[in-house]
Structures are given as structure tokens and as C-alpha cells.
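One structure is given here, and the rest of the page talks about it.
The values are calculated or read from the model by the stated rules, or taken from the named source; none is laboratory data. If you're wondering where the values come from, they're calculated on a predicted model, not measured in any experiment. Side chains are part of the model used for accessible areas, which takes the heavy atoms of the whole protein and leaves out ligands, DNA and RNA. Shrake-Rupley method; radii C 1.70, N 1.55, O 1.52, S 1.80 Å.
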Amino acid sequence: MTATAALDRAANTSPATTEPVLVARGLTKRYGDVLAVDAVDLEVHPGEVYGFLGPNGAGKTTTMRMLLGLIRPTAGTATVLGHRPGSPQALAEVGALVESPGFYPYLSGRDNLRVLARYSGTPSYRIGAVLELVDLAGRAGDRFSTYSLGMKQRLGVAAALLKDPRLLILDEPTNGLDPAGMAEMRELVRRLGEEGRAVLLSSHLLGEVQQVCDRIGIIAGGRIVTESTVSELRGQADLVVVAEPLSQAHQVIAGLVGDGAVAQQGDALRCQVPAQQVAEVNRALVSAGIDVTELRREEKSLEEVFLSLTGSGATIGEGGSHVG
């Protein structure tokens with residue numbers, strides 16, 4: 001049986017299913033005087049990849065641990081697949097990778113999955129399927145202690161997929177992966193959503209989240225500060241115009257869309273112009289004898305939106321923006 005065949009979902013992943021598989025209402029966690037998570041409301045639906053973003057210490061992992069029943073909330077409620085978090089009924093259809101995956105170092109990757117399969121009553125054919133899916137089949141016989149950080153992370157994702165879950169909760173699944181590995185993980189997560197699974201994905205790589213997630217919730221200081229689709233968060237694309245003379249171009253465009261919709265940014269103009277009006281702007285500039293050297297639509301990056309909402313610092317690396 002191939003990995004694809006082995007991972008095909010049954011009728012309970014039908015696109016017609018609209019009830020959320022994960023619901024949190026007012027979920028709160030306090031450690032003494034420290035309010036780690038503050039009244040979080042959250043819903044994740046079948047077939048949806050939900051990105052959970054926030055700076056370090058914002059409450060992402062604490063929230064995930066409450067949803068898995070690993071820690072008890074101070075207040076609020078949550079249901080996972082209609083059951084209490086951490087209950088046998090919920091855990092039977094949930095796969096999770098939270099923080100660093102823990103395995104027996106002296107066992108091979110395959111044998112570690114065999115232990116988990118026996119413990120959870122999972123059919124043995126799933127082991128080969130998930131190892132193939134995360135590209136570890138060739139190293140499955142090697143001891144876990146010899147694995148690189150990226151390989152350990154991939155084995156953790158394989159373990160999360162072992163039970164063929166309806167809901168996956170993944171905390172930083174691309175941690176330790178090289179660019180090629182991150183691309184493979186991104187494709188895998190996207191495919192899981194297309195198969196009808198729900199995925200709650202925490203990541204500090206904004207570029208990765210931007211490419212794979214259907215909706216995003218941004219948490220800061222323990223609270224959800226916004227929740228929307230990626231396109232809605234980034235907003236309408238601006239029109240960037242480079243022209244000479246710039247002051248005259250400013251006047252012409254302002255005459256079409258209003259002066260408040262045009263702002264100078266260095267040697268260019270950034271304009272709030274509907275997509276259907278871009279051609280009209282170009283014609284007006286050319287008709288006025290203005291030399292147009294550049295005309296492009298530009299959306300805000302997810303990084304810009306994130307920083308404006310959280311005020312957090314970020315550094316840029318090969319995988320995209322790093323939060324925290």
C-alpha cells in the first residue's frame with residue numbers, strides 16, 4: 001500500500017462537514033500572578049489549515065497544551081472533536097507535535113513508531129505509510145540518536161499522523177528543516193487540509209504560514225488580537241507608481257482617487273487604487289505627458305501586519321520572517 005493510499009480519508013472527512021472540530025471559549029491559563037493565556041476564543045474546521053502566530057511567550061504552546069489536555073485551564077471551556085480535551089475519545093482522532101518530539105534514542109525510527117502503534121492500537125501498515133510520507137523510509141532502520149534535528153522533527157510529524165487523525169496540532173513542525181525540507185513540509189500540510197483534516201499550525205516562519213494557511217489567528221500577551229484569512233489581513237494591494245515628474249503624477253492620480261489615497265514614499269507614490277482602476281490611472285498619466293517607469297500592485301506582507309499588531313521584533317532568515 002502506498003503512502004497516499006494509506007492516508008486516504010473515509011467519509012468523516014467529507015467537505016460537506018461544517019461543524020468545527022476544535023472549539024475554545026474564553027480559554028484562560030494563569031500561573032500565580034502571570035496570565036499566560038487570556039480568554040482565547042478559537043475555532044478550527046475540517047479541511048482548514050489554521051495558523052497560530054505570536055511572538056515567543058505569547059501563549060501559543062500553552063494554548064495547544066490545554067487543547068490536548070496536557071494542562072488544565074484556569075477558566076474557559078474547550079471541546080476537541082466534540083469531547084473534553086485529553087479524553088480518550090478526543091485523543092483517538094488527534095495527532096500532535098508539541099515542542100520537541102520525544103522518542104527512545106536507542107531504538108530506530110521504525111521501532112519507535114512500532115511502540116506508538118502498539119500502544120494506540122494502530123494498524124502496522126500505517127508505519128511504512130507515514131515514514132514514506134515524511135521522507136524517512138530510507139533511514140527508518142537507523143537509531144533515533146543518530147538523526148539530525150530535521151529528521152527528528154519529521155519523525156515527530158510521522159508519529160502525529162500515525163493514527164490517521166482528523167485533527168493535527170503541530171507546534172513548529174518546520175523546526176530544524178533545511179529549505180527543501182520546509183518546502184516538503186509545507187506541501188504535506190497543504191495536502192492534509194485538502195484531504196479533509198483540520199490542522200492547527202503554530203510557526204514562527206511568517207513566509208511559510210502565509211503560503212499554507214487558510215486562516216490566521218495572531219496572539220499577543222495571551223490574547224487573540226486578530227483573526228482572519230491571509231488575504232483579508234494583508235488588505236487591498238496598493239498601487240506603487242514611479243514616474244517623472246512625481247509631483248505632477250501625484251496631482252493626476254489624486255484627481256482620480258482623492259488626495260487622501262495617494263502618499264509619497266521615497267521616489268515613488270503609494271496609492272490606494274481599486275484593481276479595476278489601474279488601467280485608467282496609467283492612461284491618465286500617459287495622457288498628461290508623464291513618464292511612467294514603474295507601475296505595480298503591492299500587498300502588505302504578513303510580517304508588516306504582524307509587527308503592526310504585536311509590536312514585536314523579527315529577523316529575516318532563509319525560511320522567511322522569524323517571530324520573536
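Per residue, how large is the accessible surface of region 128-172? Use a 1.4 angstrom probe and give square angstrom.
Details: 1500 Å² over 45 residues.
Here the per-residue accessible area is 33 Å².
List the residues whose amide H sits under 5 Å from the amide H of Val225, counting only those 5 or more places along or on another chain, with H placed 1.01 Å from N in the peptide plane.
Those lying under 5 Å, H to H, from Val225 are Ile218, Ile219, Ala220.
What list of ³J(HN,Hα) couplings, whole Hz, do you get for region 222-228 from phi and the Karplus terms 6.51, -1.76, 1.60, once you set θ to phi - 60° and write x for glycine and proline?
x, 10, 6, 8, 6, 8, 5
Please report, to one decimal in angstroms, the Kirkwood hydrodynamic radius of region 174-244 built from all distinct Cα-Cα pairs. Could you put the intermediate results ahead of the total?
On the way: mean 1/r = 0.0700 Å⁻¹.
Averaging 1/r across every pair of different Cα atoms and inverting gives 14.3 Å.
How far is helix 109-120 tilted off the main Cα axis of the chain, in degrees rounded to 10, range 0 to 90?
70
How large is ³J(HN,Hα) for each residue in region 178-189, as worked out from phi by the Karplus curve 6.51 cos²θ - 1.76 cosθ + 1.60 (θ = phi - 60°), to whole Hz, x for Gly and Pro?
7, x, 5, x, 5, 5, 5, 5, 4, 5, 5, 4
If you scale each eigenvalue of the Cα gyration tensor by 5 and take the root, what three semi-axes come out for region 128-254, rounded to whole angstrom and sorted largest first? Could the numbers behind the result be given before it?
Values: eigenvalues 320, 64, 36 Å².
In descending order, the three semi-axes are 40, 18, 13 Å.
Given the whole protein assembly as supplied and a 1.4 Å probe, what does the accessible area of Ile253 come to in Å², nearest 10?
For Ile253, solvent-accessible area is about 0 Å².
How high is the relative contact order of region 29-71, given as a whole-number percent (alpha carbon pairs under 8 Å, six or more residues apart)?
Details: 20 pairs, mean separation 14.8, N = 43.
Averaging sequence separation for qualifying contacts and normalising by length gives 34 percent for region 29-71.
What part of the accessible area of the chain, given as a whole %, is carbon or sulfur when the probe is 1.4 angstrom?
Of all accessible area on the chain, carbon and sulfur atoms account for 48 percent.
How about Lys60: which aspartates and glutamates have a C-alpha closer than 19 Å to its C-alpha, ignoring those fewer than 8 places off in the same chain?
Asp33, Asp38, Asp41, Glu43, Glu48, Glu99, Asp171, Glu172, Glu208, Asp214, Glu227, Glu303
Can you show me the helix-derived [θ] at 222 nm for the chain, built from DSSP H runs with n ≥ 4 at -39,500 (n - 2.57) apiece and divided by the number of residues, rounded to the nearest 500. It would help to have the intermediate numbers written out before the result.
Numbers: 12 runs with 109 residues, N = 324.
Dividing the helical sum by the residues of the chain leaves -9500 deg cm²/dmol.
In degrees from 0 to 90, rounded to the nearest 10, what is the angle of the helix 149-161 Cα long axis to the longest principal axis of the chain?
Tilt of helix 149-161: around 70 degrees.
With springs only between Cα atoms under 10 Å apart, run a GNM on the chain and tell me which of Leu107, Leu256, Leu168 wobbles the most.
Judging by the Gaussian network model, the answer is Leu256.
For the chain, what size does the Cα cloud have along each of its three principal axes, sorted from largest down, in whole Å?
Largest to smallest, the principal-axis extents are 76, 47, 39 Å.
Before anything else, pin down the relative contact order of the chain: Cα pairs under 8 Å, at least 6 apart, normalised by residue count, whole percent. Please list the in-between numbers first.
Working: 643 pairs, mean separation 65.0, N = 324.
It rounds to 20 percent for the chain.
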